[in-house]
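Reading through the structure tokens given below for one structure.
The values are calculated or read from the model by the stated rules, or taken from the named source; none is laboratory data. Here the structure is a predicted model, which means the values were calculated and not measured. Counting neighbours? That spans all protein chains shown, and the Cβs are built from the backbone with ideal geometry, glycine included. All accessible areas refer to the heavy atoms of the entire protein, side chains included, with ligands and DNA or RNA removed. Shrake-Rupley method; radii C 1.70, N 1.55, O 1.52, S 1.80 Å.
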Amino acid sequence: MIYMDHSATTPVDKRVLDFMLPYFGEKYGNASSLHSLGQEAKKAIEEARVKVAKVIHADPSEIYFTSGGTESNNFAIKGVSFADKDKGKHIITTKIEHDCVLNTCKWLEKRGFEVTYLDVDKHGLIDIGDLESSLREDTILVSITHANNEIGTVQDMEEIGKTVKESNAYLHTDAVQSVTKLPVDVKKMRLDMLSISSHKIFGPKGVGCLHIRKGVKLDPLAHGGGHEGGLRSGTENVSGIVGFGEAMKIGEEERPKAMPRLQKLRDKIMDNVLKIDNTWLNGHPQKRLPINANFSFKFIEGESLVLLLDAKGIEASTGSACSSKSLKPSHVLLAIGLKPEEAHGSLRLTLGKDNTEKDADYLLEVLPEVVSELRKMSPFKKDYGEFE
Amino acid sequence: MYTQKVIDHFMNPRNKGKPREYDAVGKVGNPICGDVMYIYIKVNGNRIENIGWETMGCAAAISTSSMITELARGKTLEEAEKITKKDIADALDGLPPIKMHCSNLAADGLKKAIENYRKKVEK
Ligand SMILES: Cc1ncc(COP(=O)(O)O)c(C=O)c1O
């Protein structure tokens with residue numbers, strides 16, 4: 001099997017797994033306990049906190065462990081909104097955020113908050129001038145994803161950081177897809193908050209963190225025994241947290257070698273897939289995640305494409321409605337200007353460290369055949385035509 | 001998510017493509033929704049002698065296109081137009097509920113083809 005869906009999730013790195021295993025076994029302590037078993041767990045969590053902080057150039061005291069990207073984004077957005085509702089009720093985000101940001105914002109809209117959803121251009125980039133003019137006296141939060149999970153487009157976070165610093169608003173970024181793939185520096189980007197998820201970086205599922213800059217005040221989502229500085233109660237997921245810390249450390253250490261190699265592989269895939277007629281690239285041609293390629297193939301539907309690739313041993317994903325629970329095509333592809341019928345025929349390939357040159361060659365052999373097979377079945381050969 | 005039968009008809013679709021000779025076509029679906037189906041029929045006397053299809057759509061859309069050719073071939077027009085969405089889904093050992101109405105278009109496509117055939121013959 002050739003796995004090319006690393007933006008969905010990743011396998012746990014063997015070294016990370018070995019690092020975690022003792023915490024399921026003999027090191028089972030509760031980090032809140034006073035005895036040595038408990039203190040051993042506590043120490044392990046603090047070591048993980050240091051590893052995570054180092055990667056994003058933060059202080060360990062600014063890292064709050066959570067259950068992953070979804071919780072971290074909810075925590076950042078709801079936490080600021082509730083803590084700062086007396087200062088203002090305006091939030092700015094974009095039209096291409098992950099559902100966990102968009103649905104949190106929609107939920108807040110029903111509770112009296114006002115949300116501006118910034119447009120993006122055909123490559124998925126926001127306009128800094130647009131952001132600037134959307135900032136108001138009462139804007140309390142700007143939340144913009146660093147690297148988009150579908151089309152891979154990378155926003156200029158330093159420029160965004162400079163712009164938001166001129167206002168009263170806090171800046172949060174979802175760095176779930178970018179961390180360990182691109183340099184991420186909370187100081188250079190002038191971030192107040194940043195979300196990370198462990199299972200996207202060869203760590204275990206169900207763990208991640210929110211970075212909260214010292215001085216930023218949030219309301220917690222989970223109230224209880226006062227874990228994580230009172231901001232995220234609940235007995236810590238010790239094995240998950242230590243695995244997450246180790247995955248961050250390994251991912252960042254290996255980034256300088258791994259990413260140029262994967263980018264080259266990705267470019268080869270991109271160059272060759274784009275030779276197929278009626279096919280184009282979604283997302284920015286240069287400002288994109290080194291592991292991401294996203295294509296639209298006219299006249300076919302993405303679920304069929306993904307299932308036929310799967311039958312040939314290649315795992316990928318699509319922005320087609322059929323792959324979603326909502327029966328709507330990807331809101332990201334629609335936001336960059338694709339027609340619904342074009343969004344249905346999209347394919348996302350996201351590479352990871354185990355992918356080889358041979359994998360890319362096999363993909364490039366199989367994909368054109370599968371596209372052609374589906375096009376032969378399709379009633380559309382030239383355009384989508386008139387419909388009766 | 002899909003039954004063995006759906007996967008079989010999706011991976012090995014029966015009677016795919018536009019037949020060389022046909023009397024009528026039924027076009028259903030909508031590219032905006034992602035599923036479009038053209039059902040072609042060749043009628044001899046009152047019987048469906050040949051049936052083929054062209055479909056853009058998900059595995060459910062393709063497998064129902066394939067299945068209706070097996071259910072309708074050799075049937076009289078009256079028998080064929082009685083084939084329902086449920087008959088097709090049952091013949092495939094079921095479809096995911098969410099796919100029942102959006103992708104299960106083949107019965108509508110066949111009805112439309114028969115309708116178009118009758119219009120043509122009446123003229
Ligand atoms: C950009 C982005 N944000 C958030 C998430 C959610 O992360 P998690 O699966 O850890 O809840 C994902 C993963 O699907 C993602 O790609």
Inset, instruction - Could you tell me what percent of the DSSP beta bridges with both partners in the protein assembly as shown are antiparallel, to the nearest 5? - result: 65 percent
Legend entry - For chain A: relative contact order, % (alpha-carbon pairs under 8 angstrom, 6 or more apart): 21 percent
Legend entry - Net charge of neighbours whose Cβ lies under 14 Å from the Cβ of residue B:44, counting Lys and Arg as +1 and Asp and Glu as -1: +1
Inset, instruction - Work out the charge dipole of chain A with +1 on the Cβ of Lys and Arg and -1 on the Cβ of Asp and Glu about the Cα centre, then indicate which of A:30, A:68, A:300 is farthest towards its positive end. - result: A:30
Inset, instruction - Among the trypsin sites (Lys or Arg not before Pro) in region A:238-316, which ones are in a DSSP loop with at most 13 other Cβ atoms within 10 Å of the Cβ? Mind listing them? - result: A:275
Legend entry - region A:255-374, relative contact order in percent, only Cα pairs under 8 angstrom and at least six apart counted: 31 percent
Inset, instruction - Rank by packing, highest mean first: peptides A:186-194, A:345-353, with packing defined as the count of other Cβ atoms within 10 Å averaged across residues. - result: A:345-353, A:186-194
Legend entry - Table column - 3J(HN,Hα) (Hz), region A:150-158, Karplus curve with 6.51, -1.76, 1.60, x for Gly and Pro: 8, 9, x, 4, 9, 7, 7, 5, 5
Legend entry - Compactness of region A:241-305 - radius of gyration and Dmax, Cα, Å: 15.8, 48
Legend entry - Solvent accessible area, Å² - residue B:11, 1.4 Å probe, full protein context: 70 Å²
Inset, instruction - With a point put 7 Å past each Cα toward its Cβ, work out how far residue A:18 is from residue B:84 in nm, to one decimal. - result: 6.2 nm
Legend entry - Accessible surface buried once A binds B (1.4 Å probe; total of both sides; Å²): 2200 Å²
Inset, instruction - Return the distance in nm (one decimal) between the two label points of a simple spin-label model at residue A:274 and residue A:28, each offset 7 Å from Cα along Cα→Cβ. - result: 5.5 nm
Inset, instruction - State the extension gain, in nm to one decimal, for the chain segment bounded by residue A:311 and residue A:267, taking 0.36 nm per residue of separation less the distance between their alpha-carbons. - result: 13.4 nm
Inset, instruction - Would you please give the residues with an amide H less than 5 Å from that of residue A:142, counting only those at least 5 places away or on a separate chain, with H modeled from the backbone geometry? - result: A:92, A:170, A:171, A:172
Inset, instruction - Give me the compactness ratio for region A:255-374, meaning the Cα radius of gyration over 2.2 N^0.38 Å. - result: 1.02
Inset, instruction - Compute the convex hull volume of the Cα atoms of region A:1-96, divide it by the residue count, and report the result per residue in Å³ as a whole number. - result: 170 Å³
Inset, instruction - Using only the alpha carbons of region A:169-262, determine the length spanned along each of the three principal axes and report them from longest to shortest in whole angstroms. - result: 45, 34, 15
Inset, instruction - Could you go through region A:303-312 in sequence order and give the Karplus-derived ³J(HN,Hα) for each residue, using 6.51 cos²θ - 1.76 cosθ + 1.60 with θ = phi - 60°, rounded to whole Hz, and x for Gly and Pro? - result: 5, 4, 4, 5, 6, 5, 4, 4, 4, 8
Inset, instruction - Pop out the ³J(HN,Hα) list for region A:116-121 in order, Karplus 6.51 cos²θ - 1.76 cosθ + 1.60 with θ = phi - 60°, rounded to Hz; leave Gly and Pro as x. - result: 9, 9, 5, 6, 10, 7
Inset, instruction - Determine the shielding of peptide B:46-59 by partner chains: average, over its residues, the number of Cβ atoms on other chains within 10 angstrom of each Cβ. - result: 4
Inset, instruction - Provide the solvent-accessible area of residue A:64, counting protein heavy atoms only and rolling a 1.4 Å probe, rounded to the nearest 10 Å². - result: 40 Å²
Legend entry - 1.4 Å probe accessible area per residue over the protein assembly as shown, in Å²: 42 Å²
Inset, instruction - Summarise the long-distance tail of P(r) for chain A by giving the % of C-alpha pairs beyond 32 Å. - result: 37 percent
Inset, instruction - Give, rounded to the nearest 20 debye, the magnitude of the charge dipole that region A:255-374 has about its Cα centre when Lys and Arg contribute +1 at Cβ and Asp and Glu contribute -1 at Cβ. - result: 740 debye
Inset, instruction - Quick one: grab Rg to one decimal and Dmax as a whole number for region B:74-121, Cα atoms only, in Å. - result: 12.1, 38
Legend entry - Label-point gap, in nm, between residue B:120 and residue A:35 - each point 7 angstrom along Cα→Cβ: 8.4 nm
Legend entry - Carbon + sulfur, % of accessible area of chain A - ligands and nucleic acids excluded, 1.4 Å: 52 percent
Legend entry - Long-range HN-HN contacts of residue A:274 with modeled amide H, under 5 Å: none
Legend entry - Charge dipole magnitude, Cβ of K and R +1, D and E -1 - region B:52-123, Cα centre, debye nearest 20: 280 debye
Inset, instruction - Using the Cα centre as the reference, give the magnitude of the dipole from point charges on the C-beta atoms of region A:14-250 (Lys, Arg: +1; Asp, Glu: -1; all else neutral), rounded to the nearest 20 debye. - result: 600 debye
Inset, instruction - Can you find, among B:19, B:110, B:55, the residue farthest towards the positive end of the dipole of chain B? Put +1 on the C-beta of Lys and Arg, -1 on that of Asp and Glu. - result: B:19
Inset, instruction - From other protein chains only, count the Cβ atoms within 10 Å of every residue's Cβ in A:369-379, then give the mean. - result: 4
Inset, instruction - Quick one: which residues, 5+ away or cross-chain, put their amide H under 5 Å from the amide H of residue A:317? H built at 1.01 Å from N. - result: A:348
Legend entry - Cα-Cα pairs of chain B separated by more than 24 Å (percent): 19 percent
Inset, instruction - Would you mind checking A:89/A:217; A:381/B:82; B:42/B:111; A:106/A:328; A:214/A:249; A:87/A:205 for any pair whose Cα atoms are more than 25 angstrom apart? - result: A:381/B:82; A:87/A:205
